[in-house]
Amino acid sequence: MALQSVAPKLLPPRHPLRTASACVVLALLAALVASLASNPNMQWSVVADYLFGSQILYGLVNTIVLTVLCMAIAIVIGIVLAIMGMSRNPVLYFVAQGYIWFFRGVPLLVQLVFWFNLALLWPRIGLTVPPLGIDLSVSTNDLITSFVASVLGLALHEAAYMAEIVRAGLLGVDSGQTEAGRSLGMSDNQLMRRIVLPQAMRIIVPPTGNQFISLLKATSLVAFIAGGELMTAVQNVYSHNFRVIPLLIVASIWYLVVTTLATGLQTYLERRVGKGFSTAASPSAQRG
Amino acid sequence: MQTMVRLSGLCKSFGPHRVLRDITLDVAAGEVVCVIGPSGSGKSTMLRCINHLEKPDSGTITVDGELIGYEREGDNLRELSSKRIAAQRAKMGMVFQRFNLFPHLTVLQNIVEAPVAVRKMPKQVAEAEAMRLLKLVDLTEKASAYPSALSGGQMQRVAIARALAMQPRLVLFDEPTSALDPELVGEVLEVMRELATTGITMIVVTHEISFARDIGDKLVFMAEGQIVETGEPKAVIEDPKHARTREFLSRFR
């Protein structure tokens with residue numbers, strides 16, 4: 001019989017409900033896009049006018065500089081804090097714990113405003129030895145500009161989070177790795193730099209990418225102390241022309257662009273630090 | 001004969017559990033000593049004390065005449081700085097049960113790592129030496145592979161090459177075949193067999209009784225943190241003096 005000679009095709013099950021709900025979601029999405037695109041209050045022409053405006057681009061560059069600089073500082077302090085936090089010395093341990101407790105516990109905005117107003121606490125900062133007539137102090141307001149206050153606030157806050165991420169990464173490296181390195185005569189420093197940290201990176205990079213994006217957006221809080229980044233630039237413009245919505249769209253577009261680039265960078269880094277680990281690059285796939 | 005390793009009065013506890021109770025043992029230079037005994041008898045801990053991965057509670061260890069981990073300070077012993085302990089460890093190799101290869105480095109990089117970082121050997125010299133060692137363990141074609149692409153037996157052979165790259169006079173083997181699939185044990189034992197003929201001193205904690213009998217110069221049987229019986233391997237295996245040894249060995253017949 002013909003039916004027996006032909007092997008039946010194996011078909012996936014039908015999902016009528018799933019298909020129907022996908023259609024509803026699609027319809028809602030289309031309606032939203034149509035409404036936004038046609039809404040005259042969105043003032044798309046204003047968006048186009050300002051998207052590449054020099055003031056906006058200047059703010060954008062500041063946002064990127066601030067994010068990268070603060071992240072770099074936070075990673076360095078984070079590594080130091082993580083190593084201190086794993087120390088057997090109780091002083092180092094408690095200082096690291098105390099730092100994380102404080103800088104993670106106080107809201108970022110409060111910290112930023114605090115640094116900006118540091119002069120109210122110490123009008124002058126530096127070394128003075130009155131009997132010798134030595135006065136190497138400077139006015140706090142000259143030293144802590146809004147940019148410096150922004151860097152301090154963002155970096156020190158971020159460092160507390162990075163410390164925990166780095167610590168998790170270090171703990172994630174098998175203790176056998178440390179023992180193997182030790183048995184070969186490596187010093188603690190070599191062990192950390194050449195064996196443990198490179199492996200911890202695999203665990204550290206994904207959440208760090210997350211923190212980077214979160215920090216990028218958190219820089220907008222700096223507008224509170226006129227930090228000069230993208231959000232400050234946008235505020236400056238709309239406080240003059242009152243085109244609040246289109247300018248917020250300009251800012252949103254740029255934040256999304258940079259976030260997208262950062263996500264790409266994260267994917268690249270994850271591949272790099274995942275070398276040799278089967279989860280990132282399957283050895284069976286390489287064998288061929 | 002010159003003594004390579006001397007353990008005297010070694011004691012070690014983990015909490016209330018006494019893992020090593022007054023261990024005294026001499027290992028001559030060039031000797032292959034196999035240590036057998038039930039799990040939890042302190043074999044591995046004893047081995048790990050020799051390169052100071054574990055700190056003994058009391059007793060002393062000397063390797064090649066050098067006191068390990070401590071220096072004399074009047075009547076007491078003061079623990080050395082981690083830098084000086086590292087220098088002592090650089091002179092002996094260790095092979096682990098679970099290989100502990102560095103997964104982020106290729107096979108060649110694994111072997112070259114310590115000679116370059118610790119010995120400050122020029123990279124080309126270290127690599128040439130590493131290739132020679134890879135030939136010894138029959139893995140030249142895997143030089144640029146990452147450990148995750150190797151079988152357990154291959155990983156352990158790389159680990160042996162890595163330990164040998166530091167040109168140690170003493171190599172400690174901590175159950176080198178216990179984590180391997182049965183069909184992969186042979187290739188690792190074969191490498192160790194060859195190594196034993198080179199005159200290097202080996203202390204091997206193992207469950208491979210036939211390896212201990214055929215290759216070992218001395219057999220040490222441990223139970224409950226003590227050395228129960230020591231002697232010429234064939235004699236101990238075929239005619240154990242102690243009931244405890246007899247009972248343990250009967251399980252391998």
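Values in this text are rule-based calculations from the coordinates and carry no lab data. Note that the structure is predicted; figures quoted are calculated from it, not measured. Glycine gets a Cβ as well: all are built from the backbone with ideal geometry, and neighbour counts include every protein chain shown.
Hydrophobic long helices, here whole DSSP H runs in chain B with Kyte-Doolittle means of at least 0.5 and Cα atoms spread over 30 Å or more along the helix axis, are not found. The phi-based Karplus calculation (6.51 cos²θ - 1.76 cosθ + 1.60; θ = phi - 60°) puts the 3J(HN,Hα) values of region A:239-251 at 6, 8, 9, 6, 8, 4, 4, x, 6, 5, 5, 4, 4 Hz, whole numbers, x for Gly and Pro. The lysine pair tally for chain B, using Cα distances under 14 Å and a gap of 8 or more places or different chains, is 4. Summarising the strand pairing of region B:153-253, around 50 percent of its internal DSSP beta bridges are antiparallel.
As an exercise, take the mean of 1/r over every pair of distinct alpha carbons in chain A, invert it, and state the Kirkwood radius in angstroms.
Averaging 1/r across every pair of different Cα atoms and inverting gives 23.6 Å.
Return, ordered by residue number, the residues of region A:212-230 whose backbone nitrogen is under 17 Å from a label point located 7 Å along Cα→Cβ of A:LEU269. Hits in region A:212-230 for A:LEU269 at 17 Å: A:212-219.
Here the label points at A:ALA72 and B:GLN167, each 7 Å from Cα along the C-beta direction, are separated by 4.2 nm in the simple model.
Amide H to amide H distances under 5 Å link B:MET121 with B:VAL116, where only residues 5 or more positions off or on other chains count and H is placed in the peptide plane.
The slack between B:LEU67 and B:ALA128, meaning 0.36 nm per residue of separation minus the straight C-alpha distance, is 18.6 nm. Principal axis analysis of the Cα atoms in region A:120-208 yields extents of 57, 33, 16 Å, listed in decreasing size. Build a GNM of chain B with springs between Cα atoms under 10 Å apart, and of B:LYS135, B:LYS12, B:LYS218 the one that fluctuates most is B:LYS135. Close amide H partners of B:LEU139, meaning residues 5 or more places away or on another chain with modelled amide H under 5 Å apart, do not exist here. Rg ratio for region A:28-82: its Cα radius of gyration over 2.2 N^0.38 Å, N being its residue count, equals 1.90.
Using Cβ point charges alone (K and R +1, D and E -1), the dipole size of region A:131-288 about the Cα centre works out to roughly 720 debye. Whole-Hz Karplus values for region B:24-37 come out as 10, 7, 10, 10, 7, 4, x, 7, 10, 10, 9, 10, 10, x Hz, taken residue by residue from phi with 6.51 cos²θ - 1.76 cosθ + 1.60 and θ = phi - 60°; glycine and proline positions read x.
A simple charge model with +1 on the Cβ of Lys and Arg, -1 on the Cβ of Asp and Glu and nothing else charged puts the dipole of region B:1-150 at about 280 debye relative to its Cα centre.
Post the alpha-carbon centroid distance, region B:164-198 to region A:14-40, in whole angstrom. Between the Cα centre of region B:164-198 and that of region A:14-40, the gap is 65 Å. Beyond 22 Å, the tail of the calculated P(r) for chain B holds 55 percent of the Cα pairs. Principal axis analysis of the Cα atoms in region B:118-253 yields extents of 54, 29, 25 Å, listed in decreasing size. Taking only the alpha carbons of region A:69-227, we obtain Rg and Dmax values of 19.0, 58 Å in that order. Taking 20 °C and 1.002 mPa s as conditions, the protein assembly as shown diffuses translationally at an estimated 74 µm²/s according to Stokes-Einstein applied to its Kirkwood radius (Cα pairs). Under the rule of at least 5 residues apart or a separate chain, name every residue whose amide H is placed under 5 Å from the amide H of B:VAL228. So B:VAL228 has HN proximity to B:PHE221, B:MET222, B:ALA223.
Comparing Cα centroids, region A:41-117 and region A:126-159 end up 18 angstrom apart.
Of all DSSP-defined beta bridges confined to the protein assembly as shown, some 60% are antiparallel rather than parallel.
Evaluated with a Cβ-only charge set (Lys, Arg +1; Asp, Glu -1), chain A carries a dipole of roughly 1060 debye about its Cα centre, given to the nearest 20. Mean per-residue shielding of peptide B:114-123 is 3, counting Cβ atoms of other chains within 10 Å of each Cβ. In sequence order, region A:164-177 has phi-based couplings of 5, 5, 5, 4, 4, x, 5, 5, x, 8, 3, 5, x, 5 Hz under the Karplus curve 6.51 cos²θ - 1.76 cosθ + 1.60, θ = phi - 60°, and Gly or Pro positions carry x.
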